[in-house]
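J.: Next up is a structure, given as structure tokens.
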Amino acid sequence: MKKNFSQQEAIILNFWEEHQTFKKSLDQTRNNQPYVFFDGPPFATGLPHHGHLLISSIKDVLARYFTMKGFFVERRFGWDCHGLPIEHEIDKKLEMSSKEALETIGIKAYNQECRNIVMRYSKEWEAQINRLGRWVDFKNDYKTLDMSFMESVWWVFHEIWKKDLIYQGTKVLGYSPALGTVLSNFEANSNYKVTQDPSIKIFFESTNFDFLVWTTTPWTLPSNLGLCVHPELEYALVQGSRSKPFIVLQSMADSLGEVLKTMKGSELEGLSYKPLYTFFEVDQNLYYKVFCDPYVSESQGTGIVHLAPTYGEEDLRIMKKYELHLLPYLLDQHGFFLESADLLKKLYFKDADKVIIKNLKERNRLQEVTQITHSYPFCPRSQTPLIYLAIPSWYIAVEKIKDQLVENNKTISWVPDHI
């Protein structure tokens with residue numbers, strides 16, 4: 001006899017509902033030792049997909065297992081009501097960024113717009129989770145917008161603050177110009193696409209010679225504050241077709257001209273050069289110099305990297321190493337150049353590449369222009385390219401408790417164990 005599994009599942013669900021089976025299982029263990037379970041809550045602004053359903057099945061198995069072991073496992077469903085998924089929906093509705101909306105309609109009105117949609121698909125979620133056969137309490141659910149929940153988060157933050165583990169710092173994070181906000185590491189790394197970008201080699205002028213520098217982000221050149229070489233690699237002073245000689249990695253020097261002299265990268269440290277652009281004020285006694293760091297690779301480029309600490313993680317780290325903290329911001333919150341950027345003003349950062357390349361060619365600073373095909377991060381919601389941007393924010397000093405966290409992790413039964 002052929003079985004109709006879908007029909008059988010419906011019969012079982014009806015039986016559970018008619019006999020209040022889930023409630024009875026909780027009543028049987030209510031006075032037992034609790035096994036604390038909090039659901040990592042989904043957003044109700046979107047519908048459940050395969051990933052949600054898979055994780056829900058695993059959560060259900062764990063909760064049933066510990067109930068069978070005699071524990072009281074209260075299973076309250078939760079809803080995430082904060083963050084980008086909510087704001088992005090409202091931004092699209094209002095046709096402006098959250099920052100612009102706050103300035104236009106105010107915090108109270110903006111919050112109400114968000115509240116209006118946070119439970120949009122809650123009934124569809126409940127139907128799908130129940131259809132999955134998962135036992136969970138929807139009537140006694142929690143929402144992250146509940147005052148009790150928010151106060152519990154602030155309590156945790158306060159406890160961390162009292163332990164002197166909160167600090168304010170500046171880090172380079174994935175930033176979405178379309179949304180006008182930074183993304184979490186998970187979001188920033190979730191949507192890489194193969195794309196083409198310009199790969200250019202340009203001359204930075206010094207007094208008696210030039211530096212041949214490689215970059216795949218021409219739009220960051222107006223924010224340049226330094227050059228970086230590897231302290232242990234060999235570099236060469238080369239006489240090419242230009243009137244002035246230039247410095248480049250020795251391994252590629254022979255193909256570019258006559259080698260006049262060689263030196264270690266460390267010998268170049270502290271040398272000055274002329275900026276490509278002067279869109280902001282700089283103490284030239286501190287900046288527009290050559291710095292050293294072993295992160296520079298000889299496998300690609302010219303062995304000389306340009307540093308724009310506002311838009312690069314390694315760039316910022318190196319400048320901090322030299323105790324230099326200037327961060328010139330030439331883009332607005334949506335990735336367009338500011339009025340102060342002269343020939344680039346109001347240009348979208350990706351569109352600025354062509355203008356900069358044309359300008360450098362006209363000034364005889366361009367040595368080579370090609371295209372590079374590589375993987376680049378895009379915003380998972382707007383499908384637009386991200387910017388890596390230096391953002392001041394508050395952080396937890398995890399490094400102070402790293403050893404303790406590692407020891408605690410060793411006491412956990414991870415499944416699978418390689419996690």
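The values are calculated or read from the model by the stated rules, or taken from the named source; none is laboratory data. All values derive from a computational prediction rather than experimental measurement. Glycine gets a Cβ as well: all are built from the backbone with ideal geometry, and neighbour counts include every protein chain shown. When the accessible area is computed, the model is the full protein with side chains, heavy atoms only, and any ligands, DNA or RNA have been set aside. Shrake-Rupley method; radii C 1.70, N 1.55, O 1.52, S 1.80 Å.
Each row is one residue, and each column tells you yes or no for (1) over 30 Å from Lys320 (Cβ atoms); (2) among the β-branched types (Val, Ile, Thr).
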{"site": "Glu113", "(1), (2)": "yes, no"}
{"site": "Ile117", "(1), (2)": "yes, yes"}
{"site": "Trp125", "(1), (2)": "yes, no"}
{"site": "Leu132", "(1), (2)": "yes, no"}
{"site": "Thr144", "(1), (2)": "yes, yes"}
{"site": "Thr170", "(1), (2)": "no, yes"}
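J.: So which of Lys361, Lys346 is open to solvent by 80 Å² or more (accessible area, probe 1.4 Å), within 25 Å of Leu179 (Cα to Cα) and without any contact (Cβ under 8 Å) to a residue 24 or more places away in the chain?
T.: The match here is Lys346.
J.: Give me the pairs: first residue in segment 293-313 and more than 18 Å from Val238 (Cβ to Cβ), second residue open to solvent by 10 Å² or more (accessible area, probe 1.4 Å) and assigned to a helix (DSSP H, G or I), beta-carbon distance under 6 Å, and six or more apart or on different chains, which are they?
T.: Partner pairs satisfying both residue conditions: Tyr295/Glu314; Leu307/Asp315; Ala308/Asp315; Pro309/Asp315; Pro309/Leu316.
J.: Taking Lys321 as the residue in question, decide whether it is in contact with an Asp or Glu (Cβ under 9 Å, 6 or more places away or on another chain) and at pLDDT 95 or above.
T.: Yes; evaluated as a whole, the condition is true for this residue.
J.: Tell me whether segment 367-374 contains one or more residues that are farther than 30 Å from Pro245 by Cα and either out of contact with any helix residue (DSSP H, G or I) (no Cβ under 8 Å at 6 or more places or on another chain) or of a type in the set (D, E, K, R) (or both).
T.: Looking for residues that are farther than 30 Å from Pro245 by Cα and either out of contact with any helix residue (DSSP H, G or I) (no Cβ under 8 Å at 6 or more places or on another chain) or of a type in the set (D, E, K, R) (or both), one finds at least one in segment 367-374, hence yes.
J.: Filter segment 227-277 down to the residues that are touching a residue at least 40 places away in the same chain (Cβ under 8 Å), touching a Gly at 6+ places or on another chain (Cβ under 7 Å) and either small (Gly, Ala, Ser) or not in a loop (DSSP other than H, G, I, E, B) (or both) and list them by number.
T.: Scanning segment 227-277 gives Val229, Tyr235, Phe246, Val248, Leu249.
J.: Also, I was wondering about something else. Among the candidates Ser340, Ser375, Ser382, Ser413, single out the residue that is in a strand (DSSP E or B) and either small (Gly, Ala, Ser) or modelled with pLDDT under 90 (or both).
T.: Ser375
J.: Another question, then. Are there any pairs, at least 6 apart or on different chains, whose C-beta atoms fall under 7 Å, with the first in segment 112-141 and within 21 Å of Phe38 (Cα to Cα) and the second of a type in the set (Lys, Arg) and in a loop (DSSP other than H, G, I, E, B), and if so, which?
T.: The qualifying pairs are Trp135/Arg75; Val136/Arg75; Asp137/Arg75.
J.: Filter segment 129-147 down to the residues that are more than 21 Å from Lys23 (Cβ to Cβ) and assigned to a helix (DSSP H, G or I) and list them by number.
T.: Met147 - this is the single residue of segment 129-147 that is more than 21 Å from Lys23 (Cβ to Cβ) and assigned to a helix (DSSP H, G or I).
J.: Looking at the structure I just gave you, is Leu183 closer than 21 Å to His334 by Cα, touching a residue at least 24 places away in the same chain (Cβ under 8 Å) and either surrounded by 17 or more Cβ atoms within 10 Å (Cβ to Cβ) or not charged (D, E, K, R) (or both)?
T.: yes
J.: Separate question: Among Lys193, Lys171, Lys163, which is the only one that is closer than 16 Å to Ala390 by Cα and basic (Lys, Arg)?
T.: That would be Lys171, the only listed residue that is closer than 16 Å to Ala390 by Cα and basic (Lys, Arg).
J.: Within segment 318-335, identify whether any single residue is open to solvent by 20 Å² or more (accessible area, probe 1.4 Å), touching a Phe, Trp or Tyr at 6+ places or on another chain (Cβ under 8 Å), outside any helix (DSSP H, G or I) and among the aromatic types (Phe, Trp, Tyr), and answer yes or no.
T.: yes
J.: Specify the residue that is surrounded by the most Cβ atoms within 10 Å (Cβ to Cβ); the eligible residues are those in segment 249-279 that are within 33 Å of the chain's Cα centre (by Cα) and farther than 19 Å from Ile318 by Cβ.
T.: Phe279
Conditions tested, residue by residue: (1) aliphatic (A, V, I, L, M); (2) modelled with pLDDT under 95.
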position	(1), (2)
Thr207	no, yes
Cys228	no, no
Ser241	no, yes
Leu260	yes, no
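J.: Okay, moving on. Looking at (1) more than 21 Å from Ile117 (Cβ to Cβ); (2) basic (Lys, Arg); (3) more than 22 Å from the chain's Cα centre (by Cα), which one does Lys143 not meet, given that it meets all the others?
T.: (1)
J.: Out of everything in segment 280-314 that is charged (D, E, K, R) and open to solvent by 20 Å² or more (accessible area, probe 1.4 Å), what residue ends up being farthest from Lys99 (Cα to Cα)?
T.: Result: Glu298.
J.: Say whether the condition of being of a type in the set (Val, Ile, Thr) and exposed (fewer than 12 other Cβ atoms within 10 Å of the Cβ) is met by at least one residue in segment 121-130.
T.: no
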